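*Asks:* Okay, handing you the structure first.
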Amino acid sequence: MRKFIFFCLFLPTVLGFSQSLEQKLKEGNQFYKSGNYNEAITAYETALHDGYHGSSLFYNLGNAYYRTGKFGLSILYLEKASQLSPDDEDIRHNLAIANSKIVDRVDVVPKFFLFAWWEAMQNLFHPSGWKVFIFIVYLVLLIVMGIFFTTRKSSTKKYSFFGGAAILVLFSLSVVLFLTKQHQAENYHYGIVLEQTVNVKSSPDEKSSDTFILHEGIKIKVEDKLEGWNKIRLSDGKLGWVESSALGRI
């Protein structure tokens with residue numbers, strides 16, 4: 001009875017909170033459509049700070065920041081939207097447009113072909129996609145094993161044996177790829193430079209020497225954190241330290 005009373009008292013609060021978030025999103029969309037992009041950003045940011053996270057919110061917020069010329073924040077939120085909806089063509093299209101505004105053009109260090117192949121295999125799916133693929137392969141493996149143990153025909157048993165062996169290899173490879181992708185998602189973090197110009201330091205110290213300069217919008221890999229500083233790596237292999245306040249974590 002007490003649980004029921006608590007539920008009845010708690011439900012209006014939840015519904016009111018949900019309606020408030022929905023209202024903020026609607027307000028943001030209306031402001032955006034009317035060209036009031038700063039007001040739209042305020043409404044979207046309010047919904048974000050109230051705990052709402054969704055690809056549509058990140059997408060709209062990224063578009064609004066793009067309209068105001070804040071390309072670093074635009075890329076940051078479009079990247080967040082892309083993480084939640086990696087197959088959304090609109091998000092990828094707008095992210096490509098925002099990235100075209102970046103000043104820095106970093107050359108990617110060529111990788112050994114086996115490493116490049118392995119990375120391409122990992123990127124076939126996101127972790128959730130790998131889970132689905134592994135489950136499907138597992139079901140197929142069970143079916144083939146069932147055929148092998150129940151059939152009496154020698155030819156069918158032969159084909160099911162070799163087919164099962166091939167599927168088992170595929171299953172094992174898929175599990176390894178999933179675990180590697182999951183490890184990257186949990187341990188590798190990326191950020192976007194939000195300031196117009198950032199001096200990258202040789203060590204986490206304001207007095208240390210400058211190694212190179214980065215500009216707003218570039219995506220970097222964050223490898224370590226230390227007392228308000230982030231150790232970063234570019235796709236061309238360059239390393240350095242920047243203040244945490246200069247980055248937006250994806």
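*Asks:* What are the ³J(HN,Hα) values, in whole Hz, obtained from phi via the Karplus relation 6.51 cos²θ - 1.76 cosθ + 1.60 with θ = phi - 60°, for each residue of segment 122-136 in sequence order, with x given for Gly and Pro?
*Replies:* Residue by residue, segment 122-136 yields 4, 7, 4, 9, 7, x, 5, x, 5, 4, 5, 4, 4, 4, 5 Hz.
*Asks:* Right, something else. Using DSSP to call loops (not H, G, I, E or B), can you name the chymotrypsin sites (Phe, Trp or Tyr not before Pro) in segment 97-177 whose Cβ has at most 16 other Cβ atoms within 10 angstrom? Mind showing how you got there, number by number?
*Replies:* Numbers: sites: F112, F113, F115, W117, W118, F125, W130, F133, F135, Y138, F148, F149, Y159, F161, F162, F171; in loops: F112, F125.
Those satisfying the criteria are F112.
*Asks:* Peptides 61-67, 203-209: what's the order by average Cβ count within 10 Å, highest mean first?
*Replies:* 61-67, 203-209
*Asks:* When all C-alpha to C-alpha distances in the chain are sorted into bins of 5 Å, what percent of pairs does each bin hold, rounded to whole numbers?
*Replies:* Bins of 5 Å from zero give 1, 6, 9, 11, 12, 12, 11, 10, 8, 7, 5, 4, 3, 1, 0, 0 percent of pairs.
*Asks:* Next question. Evaluate the charge dipole of segment 14-99 about its Cα centre and quote only its size in Debye, nearest 20, assuming +1 on the Cβ of each Lys and Arg and -1 on the Cβ of each Asp and Glu.
*Replies:* Here the size comes out at about 220 debye.
*Asks:* Compute from the Cα atoms of segment 121-187 the Rg and the Dmax, the latter being the longest Cα-Cα distance, and quote both in angstrom.
*Replies:* Just the Cα atoms of segment 121-187 yield Rg and Dmax of 14.7, 50 Å.
*Asks:* Along segment 228-238, what does the Karplus equation 6.51 cos²θ - 1.76 cosθ + 1.60 (θ = phi - 60°) give for ³J(HN,Hα), rounded to whole Hz, x for Gly and Pro?
*Replies:* Values per residue, Gly and Pro as x: x, 10, 10, 7, 10, 9, 8, 5, 8, x, 5 Hz.
*Asks:* If you take the alpha carbon radius of gyration of segment 14-99 and divide it by 2.2 N^0.38 Å, what ratio comes out, to two decimals?
*Replies:* Cα-based Rg divided by the globular estimate yields 1.04.
*Asks:* Moving to a separate point now. Would you please give the residues with an amide H less than 5 Å from that of T68, counting only those at least 5 places away or on a separate chain, with H modeled from the backbone geometry?
*Replies:* none
*Asks:* Please name which of L114, I220, H49 has its Cα lying farthest along the dipole of the chain towards the positive end, using unit charges on Cβ (Lys, Arg +1; Asp, Glu -1) and the Cα centre as origin.
*Replies:* L114
*Asks:* Under 1.5 on a/c is rounded, so check that first for segment 189-249, then, if it is not, pick prolate when a/b is larger than b/c and oblate when it is not; a ≥ b ≥ c are the square roots of the alpha carbon gyration tensor eigenvalues.
*Replies:* On the way: a/c = 1.25, a/b = 1.20, b/c = 1.04.
The shape class here is rounded.
*Asks:* Please report I143, I220 as a ranked list, fewest other C-beta atoms within 10 angstrom at the top and most at the bottom. Walk me through the intermediate numbers first.
*Replies:* Working: I143 13, I220 24.
So the ranking, lowest neighbour count to highest, is I143, I220.
Laboratory data are not the source of any read-out in this text; all were calculated from the coordinates shown. If you're wondering where the values come from, they're calculated on a predicted model, not measured in any experiment. Virtual Cβ from ideal backbone geometry, glycine too; neighbours counted across all protein chains shown.
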